[in-house]
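The values are calculated or read from the model by the stated rules, or taken from the named source; none is laboratory data. Given the structure is predicted, the values throughout are model-derived calculations rather than measurements. Every residue, glycine among them, receives a Cβ derived from its backbone with ideal geometry; neighbour counts consider all protein chains shown. What goes into the accessible areas is simple: the full protein's heavy atoms, side chains included, and nothing from ligands, DNA or RNA. Shrake-Rupley method; radii C 1.70, N 1.55, O 1.52, S 1.80 Å.
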Amino acid sequence: WSGSRFVLVFVVQFSPQTISMAASSGPSCVGVLGATGQQGGAVLRALVAKGVSVVAITRNPSSEKAKVLAGLSKVEVRQADLDDQKSLEAAFNGCDGAFVVANFWEGMDPNKEMKQYENCANALKAVGGMKHIVMSSLEDTATNPKMADAKVLLKHATGDMKVPHFDAKNRSHAFFEGLPVTFLYTSCFVENFTSFFSLNKQGDGSYQFTLPLGEGPIAWTILEDVGKMTAGILETPGMIGQIVGSASLHCSAAQLAAHMSEATNQTITYQCVPWDTFAAFGFPGAEELAQMFKFFTDNENEFLAIRELKRCQELGGPLGDPVTTFKGLPLKYA
């Protein structure tokens, strides 16, 4: 179940017939899951900017966000539930491309997430006619040698999971066998500083965030770039059967704090703590996030290599500027 095995399996097992499903150009109508969310919304905007028709798939078409999407040119909003394969089949009907993403953090249940990806894959097979699919995914961490001292957070039928929201996605690749799919490995979103990560006020009036990210660089992604990369992948048939990573910049947490400081005219600093200290903080998902950060830092070279910035630019065009991005974000202060 290691990430390297999956690269080998999918490259070898995709038949010439499967590869030939991709036409010389990308899909003309793409079904986008999570269209009112962060990743799906970024993908939708990038596709619309390229003139591609989009079916925006959401659980609640009557939400305010869905109503905004319905007013866009070349966008049709349809209802579907990731837990209901038949609703997904109806939503994808008439599409020849798809962006597939689930939300682990809604319930934090890897079994449910894997079942949702299975439902999506089965729905896409039932609909047929797909030219290209992009699945938002991540590496398998459990068999990584540098994770040997990490805690097993879930005993699972597919094998132990140490970072379940990574491992569940990666093991869901198997459901997409036979489909013209590219797996897009995301990285830490800078937009997480509006939700998951907070800037805590210090006694001197400055702000600080505390994470176990060491002193070296990791990959950070601006959501807009994920959208543009996905759109670029979908119009590149040669990407079928491949794994590629997303990133907007490679920098340390201290460098990211400097970007935030410049954007906000505040003094923002980074406090480093060991990953096992972070795991003991006790909030929901603390162990999960701590071991994710451990995977980032202990596998720095490999993690950055698959998220090579030159390749990201080739697929999505110019990458976003972190200072400009932070200026437009409602950062989470505490």
Helix 286-298 versus the longest principal axis of the chain: what is the Cα-based angle in degrees, 0 to 90, to the nearest 10?
90 degrees
Relative contact order [Cα under 8 Å, 6+ residues apart], the chain, whole percent
19 percent
Residues of the range 152-291: accessible area per residue at 1.4 Å, in Å²?
33 Å²
Can you work out the base-10 log of I(q)/I(0) for the chain at q = 0.15 1/Å, using the Debye formula on its C-alpha atoms alone?
-1.32
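Which FRET efficiency, nearest 0.05, do residue 126 and residue 266 yield, Cβ-Cβ r, R0 56 Å?
Numbers: r = 52 Å, r/R0 = 0.92.
Result of the calculation: an efficiency of 0.60.
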If I compute solvent accessible area with a 1.4 Å probe over the protein chains, what percent of it on the range 53-116 is carbon and sulfur?
48 percent
Could you state the angle between the C-alpha long axis of helix 223-234 and the longest principal axis of the C-alpha atoms of the chain, as a value from 0 to 90 degrees rounded to the nearest 10?
30 degrees
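When the convex hull of the C-alpha atoms of the range 183-317 is computed, what volume per residue in Å³ does it have?
Values: hull volume 15.7 nm³, N = 135.
Enclosed volume per residue, from the Cα hull, is 116 Å³.
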For the range 99-195, list log₁₀ I(q)/I(0) at each q in 0.13, 0.21, 0.22 Å⁻¹, using the Debye formula over Cα point scatterers of equal strength and ignoring solvent, two decimals each.
-0.49, -1.10, -1.17
Ordered by packing density, taken as the mean number of other Cβ atoms within 10 Å over each peptide's residues, highest first, how do 130-139, 105-114 rank?
130-139, 105-114
Using mean Cβ contacts within 10 Å as the protection proxy, how do 187-193, 304-310 order, highest first?
187-193, 304-310
What angle do you read, to the nearest 10 degrees and between 0 and 90, between the alpha-carbon axis of helix 253-264 and the longest principal axis of the chain?
90 degrees
Please give the net charge around residue 114, taking every other residue with its beta carbon less than 15 angstrom from that of residue 114, where Lys and Arg add +1 and Asp and Glu add -1.
-4
Taking the mean number of other Cβ atoms within 10 Å as a proxy for protection, how do you rank 64-73, 93-102 from highest to lowest?
93-102, 64-73
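To the nearest µm²/s, what D does Stokes-Einstein give for the range 210-260 at 20 °C and 1.002 mPa s, using the Kirkwood radius over alpha carbon pairs as Rh? Intermediate results must be reported in sequence, preceding the final value.
Values: Rh = 12.7 Å.
Approximately 168 µm²/s, per Stokes-Einstein.
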³J(HN,Hα), Karplus 6.51/-1.76/1.60, whole Hz, each residue of the range 306-317, x for Gly, Pro:
6, 10, 4, 5, 4, 5, 4, 5, 4, 7, x, x
For the chain, modelled as a Gaussian network with Cα springs under 10 Å, which listed residue fluctuates most, 140, 84, 225?
84
